[in-house]
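The values are calculated or read from the model by the stated rules, or taken from the named source; none is laboratory data. Values in this document were obtained by computation on a predicted structure and should not be read as measured data. Quick reminder, even Gly has a Cβ in these numbers, built from the backbone with ideal geometry, and neighbours come from all protein chains shown.
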Amino acid sequence: MSQKLQPARGTKDLFGEDYRKIEQVLTIAQNLATCYGYEPITTPIFESTAVFKRPLGETSDVVGKEMYTFTDRGGEEVTLRPEGTAGVVRAVISNGMTQNMPLKLSYFGPMFRYERPQQGRYRQFHQMGVECFGINHPLVDAETIALGYEIIKSLGLENRIEVQINTIGDIPSRQAFRQALVDYFTPLKNQLSEDSQSRLSRNPLRILDSKDAKDQEIVKEAPRFEDYLNDDSVRFFEQVCRGLEALNIPYKINRHLVRGLDYYTHTAFEFVTTDLGAQGTVLAGGRYDGLVQQMGGPETAGVGWALGADRLALMLQAPENQVKPVALIPLGETENVAFTTGVQLRNLGFVVDFLYNGNMGKRMKRANKVTAVAAIIIGEEELQTGQVIVKNMESGSQELVKLSGLAEYLTLHFPNTRIKVG
């Protein structure tokens with residue numbers, strides 16, 4: 001017996017309600033991003049491995065443990081994208097877009113990480129993100145957070161998600177704080193978790209958001225970032241906060257919220273829920289003024305975020321399919337007329353389910369199964385007078401309608417059967 005084929009571990013097929021929820025998240029997010037001036041961009045699903053190694057760092061968890069990296073037939077090392085920002089920055093640089101600042105770009109699509117699968121965490125997952133380049137102003141950070149919050153509101157989730165923000169200061173502030181952390185944690189190194197011990201030398205800020213219980217106890221007495229912020233960093237963060245307050249966006253300052261990579265500066269933020277267990281972050285981002293330069297471009301300000309469409313979809317009720325089909329049922333020798341009628345209706349935007357086979361009872365059961373709101377019955381006798389029968393599936397009433405006026409009739413009486421095309 002041959003082995004039953006299953007989806008690869010950590011992946012899932014999306015269809016029906018699951019697909020519609022993902023689609024709902026992405027549609028709302030993309031439409032609102034357009035309102036905020038973001039232009040769509042699509043980058044390849046795989047890139048040269050250096051695109052991710054350079055910004056993320058050889059010793060980061062993503063590069064060291066999670067990337068899907070392989071050598072292609074031409075001998076080049078390539079990687080399935082583990083996140084969206086690096087690919088977008090590479091595209092900005094390689095396409096000469098750094099000459100057209102400021103620049104606002106949005107993206108969406110599948111990402112890939114080799115992680116332990118659990119609720120809200122998959123090896124292939126879907127993200128939508130925005131990146132704003134060329135504006136070094138705190139209100140841009142507030143505006144970027146506002147876009148994320150408006151998406152959450154439009155999904156009806158604002159009461160289930162908390163906006164957490166922090167400042168990680170400018171480069172001088174970060175350097176001073178980094179040294180203070182190294183001085184504090186070094187005598188306690190043997191008490192730290194294995195991950196935090198390795199972070200001590202390469203990414204000490206990441207120890208602050210460790211999920212290990214022993215680490216969290218040690219972190220309680222660690223130096224506080226706000227004690228090492230210079231005046232410029234304090235003013236920048238205060239203006240971000242005032243911007244959020246002006247928009248009535250509720251937020252919480254989380255002093256342990258950090259970004260460990262050196263190109264991050266100033267604002268860091270996460271949208272967090274308790275509804276998904278350990279995978280509580282549904283949107284995260286921050287300011288990364290050093291990233292474009294690190295990847296070979298000119299010195300360029302940047303700020304952005306990415307949302308996890310799969311995680312947000314888990315929080316949604318199954319959306320109703322707003323557009324309903326009509327069922328087209330030919331009787332006798334009317335299939336050719338029914339066939340051309342169905343194609344013509346579809347070309348006008350009507351959702352049509354052509355029911356070819358079975359007796360009338362079976363075809364009407366099929367019409368109910370596909371949630372058709374109307375059945376168009378094309379019989380030989382009615383067709384001789386240029387008419388068809390339209391049956392309302394909800395009320396059971398039916399009416400003779402001229403074939404030449406069928407589209408107008410459906411538009412008037414069943415407007416939810418039509419989508420915009422062309």
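If I filter the stretch 97-111 down to residues being modelled with pLDDT of 95 or more and more than 13 Å from the chain's Cα centre (by Cα), which single residue comes out as farthest from Val303 (Cα to Cα)? For the stretch 97-111, the residue satisfying everything is Met97. Of the helices (runs of 4 or more DSSP H) lying entirely inside the stretch 179-258, those carrying at least 3 residues that are more than 27 Å from the chain's Cα centre (by Cα) and of a type in the set (A, V, I, L, M, F, W, C) are 213-219.
Just a yes or no: is a residue in the stretch 273-282 surrounded by 19 or more Cβ atoms within 10 Å (Cβ to Cβ), at pLDDT 90 or above, under 30 Å from the mean Cα position of the chain (by Cα) and on the phi < 0 side of the Ramachandran plot? The answer is yes; a qualifying residue exists.
In the stretch 314-346, which residues are touching a Leu at 6+ places or on another chain (Cβ under 9 Å) and within 29 Å of Gly37 (Cα to Cα)? Within the stretch 314-346, Leu314, Met315, Leu316 meet the criteria. Of Arg363, Arg346, all but one fail to be surrounded by 11 or more Cβ atoms within 10 Å (Cβ to Cβ) and over 26 Å from Lys21 (Cα atoms); the exception is Arg363.
Each row is one residue, and each column tells you yes or no for (1) surrounded by fewer than 19 Cβ atoms within 10 Å (Cβ to Cβ); (2) small (Gly, Ala, Ser); (3) part of a helix (DSSP H, G or I).
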| residue | (1), (2), (3) |
| --- | --- |
| Pro44 | yes, no, no |
| Glu47 | yes, no, no |
| Lys65 | yes, no, yes |
| Val88 | no, no, yes |
| Ile93 | yes, no, yes |
| Gln99 | yes, no, yes |
| Gly109 | yes, yes, no |
| Tyr114 | yes, no, no |
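Looking at the stretch 319-329, is at least one residue out of contact with any helix residue (DSSP H, G or I) (no Cβ under 8 Å at 6 or more places or on another chain) and either surrounded by 18 or more Cβ atoms within 10 Å (Cβ to Cβ) or touching a residue at least 12 places away in the same chain (Cβ under 8 Å) (or both)? Scanning the stretch 319-329, I find no residue that is out of contact with any helix residue (DSSP H, G or I) (no Cβ under 8 Å at 6 or more places or on another chain) and either surrounded by 18 or more Cβ atoms within 10 Å (Cβ to Cβ) or touching a residue at least 12 places away in the same chain (Cβ under 8 Å) (or both), so the answer is no. What strands (runs of 3 or more DSSP E), lying completely within the stretch 348-422, carry at least 2 residues that are of a type in the set (Val, Ile, Thr)? The strands (runs of 3 or more DSSP E) meeting that bar are 374-378, 387-392.
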